[in-house]
Amino acid sequence: MTLIHDCSIESELLAGMRLARRAIGSGELVVIPTDTVYGVAADAFSAAAVQRLLDAKGRERTSPPPVLVPGIPTLDALAAEVPDAVRALVTEFWPGGLTVILRAQPSLQWDLGETRGTVALRMPDHRIALELLSETGPLAVSSANLSGMPSATTAAEAADMLGDRVAVYLDGGAAGVAYDAIGERPGDTSSTIVDATGLAADGTGVLRIVRAGVISRERIAEVVGEELLAGSDGAAAAAPAPADAAPAAAAPADAARADDVEPAADEPAADDGAAPATSVASSTDAPDERADPAAS
């Protein structure tokens, strides 16, 4: 069994981080703690590493993993455009339990699976995850569990499911403890996934919550306004909108849940569960997969 590094011990933290960087650089997998659930991470720009991640979890390419990022500026490097409403959301909730699905930069040289030109992004609120991301750059991260199993909230739970498929396990203590478990399943601390692909740069269209997680709809509405959120049927929410407002555009087809680090039910997508047909797979920061990451 692969060694689990207890990151509460300085010497093990240093050794674990060194081995984790080396493993990512070699196209291997690393389990990392995030603020929501544990995530299994791979080099987002290595197609072979991403496929190894999907194989380890037993997921298909139709459930691409979300991508964890080290900071808000990375949004502009990975997304084709970032609407003002999305900037407001990440300013409020990053680092934290919010995953956003955006159109990916078409010039990116990566293969996350069948993303239909989208990517699910999250900045996790966890010191170890952020330190690793600052050294490796963006990581494809899905919840550290086998597809169909509950998301791991400890390194030991992740190891029980993934075993030697993972090169390095970083133990940062129990995940999700800073959040109320208000997700879609009992005890669920997956990230909330918001699909922003139906929102144009000029502000027309709507945002769509494709997975309910630790950031409530009410908190999101406080930032962007209820009129900008689609209802469960994909139409504009019933909250009063300005009389001169144009009709909201229908949101894109439902994304697959990501774990939390993916979107999704079998884990926390892009955090966590299944993600929309976009790149939210069901994350670190880890998580049910995209519909965290991430993980995440």
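The values are calculated or read from the model by the stated rules, or taken from the named source; none is laboratory data. Only a predicted model underlies this, so the values are computations on that prediction, with no experimental measurement involved. Cβ coordinates were reconstructed from backbone atoms using ideal geometry, including for glycine residues, and neighbour counts include every protein chain displayed. Calculation scope for accessible area: heavy atoms of the full protein, side chains included, ligands and nucleic acids excluded. Shrake-Rupley method; radii C 1.70, N 1.55, O 1.52, S 1.80 Å.
Label A178 and T62 with points 7 Å out from Cα along Cα→Cβ: what is the distance between them in nm?
With each label point 7 Å from Cα toward Cβ, the separation is 3.6 nm.
May I ask you to compute the full-extension gain from A88 to L108, defined as 0.36 nm times their residue separation minus their alpha-carbon distance, rounded to one decimal in nm? Please list the in-between numbers first.
Details: separation 20, 0.36 × 20 = 7.20 nm, distance 2.46 nm.
Fully extending the segment from A88 to L108 adds 4.7 nm.
Can you tell me the FRET efficiency between L3 and D202 if r is taken as the Cβ-Cβ distance and R0 is 35 Å, rounded to the nearest 0.05?
Working: r = 52 Å, r/R0 = 1.49.
For L3 and D202, the calculated efficiency is 0.10.
At 0.36 nm per residue, and after removing the present C-alpha to C-alpha distance, how many nm does the segment from E135 to V223 gain when stretched out fully? Please report the intermediate quantities before stating the final value.
Numbers: separation 88, 0.36 × 88 = 31.68 nm, distance 3.14 nm.
Once the chain is fully extended between E135 and V223, it gains 28.5 nm.
Excluding A159 itself, calculate the net charge of residues whose Cβ lies under 11 Å from the Cβ of A159, where each Lys or Arg counts +1 and each Asp or Glu counts -1.
-3
Solvent-accessible area per residue for region 1-125 at a 1.4 Å probe radius, Å²? Numbers along the way, then the final one.
Working: 4860 Å² over 125 residues.
With all protein chains present, region 1-125 gives 39 Å² per residue.
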